[in-house]
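Each remark here refers to the structure printed beneath this line.
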Amino acid sequence: VNGVSVTSGAASGAIALNVGLNLITITVTAQDGSPRNYNLNLTRNVSTNADLSALVISAGTLNPVFASGTTAYTATVPNAIGTVALTPTAANGTSTITINGVANTSAAASPPLSLNVGANVLTVVVTAQDGVTTNTYTVTVTRSALPTTVAGTSPGGGAVTATLAGPAGCGFDRAAFIGLTGSPNSPPASPGIANYTFAQGLFDVEVGACPASSTVTITLVYPQPFAAGSVYMKYGPTVSNATPHWYVFPGAVINGNTVILTLTDGGAGDDDRIANGRIADPGGVAFMAAVAPGATGIPTLSQWALIFLSLSLLLAGAGSLRMKTFASVRR
């Protein structure tokens, strides 16, 4: 068979077939040595199989569970996941695959596919060997939005809520109510804040997923009203001083137990000072009972100085009394 000896009545070895026409020649040789040829024309049709045998996503879970005959899937990922990869495997090795229009090798992971907040449709197209038959699989990946409302407990006691308003997509990447000290994100100890009291601690926040240069407002509602004269103090760099420091933040309005912050990406209230769609703003409501904000504190005397001053006043008082007594005797 095709030049290879085969025992009569036995099967030949496997014969590879190309797509299309394949000629197989069977030669029978008589005892006297005379041959006779039999020609067998076999046509191997091209494959029309455009199925996948497997489909894997790098984050989240496909729903429903993958099956070759099911072509539509969904998956949900947290906001922190900005890309996913798909690994499709063709049921027939002669098929070709594209993902979102880009060629992808069967059983190989795709390059990272970017995800916007919300629904993202990823399209896998399998083309059979015949070049005509196709099958389209879709995976709708929903990337969760950042929250715009958070609740917590103030270091001073009681419930606090924070609500963000801004462009679509903006939300809290981090929002925590922390103490002036004791938290990993608490500012370093500073003598410049010694005269202030933070009855409700600090609000440690980072806003993310915003368009660059966005302005947002954050409304904080605390359990108790703040004392008259309270200000919102921030710790970080400013336009005039790149070194992190405490300063009164002018973009805050304090009314009773409510604080409204106006923050601009790359501008007022943004610690990184870069218009990158992220706004970092650690700060809190403070009250300065002894010294007005921005004024210099009144110097205090040491214990020995106070004793000396008291003795001086006592001696002065005694001297004044003697003078009055002497004047009375002379009269």
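Numerical summary
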item: Vicinal HN-Hα couplings computed from phi for region 90-97 (Karplus, 6.51 cos²θ - 1.76 cosθ + 1.60; Hz; Gly/Pro x); result: 6, 5, 10, x, 8, 6, 10, 9
item: Value at 222 nm in deg cm²/dmol, rounded to 500, when DSSP H runs of n ≥ 4 in the chain each add -39,500 (n - 2.57); result: -3000 deg cm²/dmol
item: Peptides ranked, highest mean first, by Cβ atoms within 10 Å: ranges 74-86, 15-27; result: 74-86, 15-27
item: Computed E for LEU21/ALA108 - FRET, C-beta separation, R0 25 angstrom, nearest 0.05; result: 0.15
item: Label point distance in nm, ALA11-THR48, each placed 7 Å from Cα along Cα→Cβ; result: 2.7
item: Amide N proximity, region 240-275 versus ARG174 label position 7 Å along Cα-to-Cβ, cut-off under 17 Å; result: 244-245, 266, 269-274
item: Label-point separation in nm, THR142 to ASP130, each point 7 Å along Cα→Cβ; result: 3.8
item: Cα→Cβ-extended label distance, 7 Å offset, between THR219 and THR70, nm; result: 4.3
item: Fewest-first sequence of SER95, SER12 by Cβ atoms within 10 Å of each Cβ; result: SER12, SER95
item: Cα gyration tensor, region 149-286 - rounded (a/c under 1.5), prolate or oblate; result: oblate
item: Per-residue HN-Hα couplings for region 266-272 [Karplus 6.51, -1.76, 1.60; θ = phi - 60°; Hz; x = Gly/Pro]; result: x, x, 4, x, 9, 5, 7
item: Rounded to whole Hz, the Karplus (6.51, -1.76, 1.60) HN-Hα couplings of region 171-183, x for glycine and proline; result: x, 7, 7, 8, 8, 8, 9, 10, x, 4, 9, x, 9
item: In degrees, nearest ten, helix 303-330 long axis to first principal axis of the chain (Cα); result: 20
item: Anisotropy class of region 112-223 from Cα gyration tensor, a/c 1.5 cut; result: prolate
item: Label assignment, semi-axes √(5λ) of the Cα gyration tensor in Å derived from the structure, set [x] 87, 19, 15; [y] 51, 26, 18; [z] 47, 20, 17; result: [x]
item: Cut-off under 5 Å, modelled amide H: who pairs with ASP272 long-range; result: ALA280
item: Three-way shape label, region 1-143, alpha-carbon gyration tensor, a/c 1.5; result: prolate
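Readers should treat all values here as calculations from the given coordinates under stated rules, not as data from a laboratory. As the structure is a computational prediction, the values presented were derived from the model and not from experiment. Note that we place each Cβ from the backbone using ideal geometry, even for glycine, and neighbour counts take in every protein chain shown.
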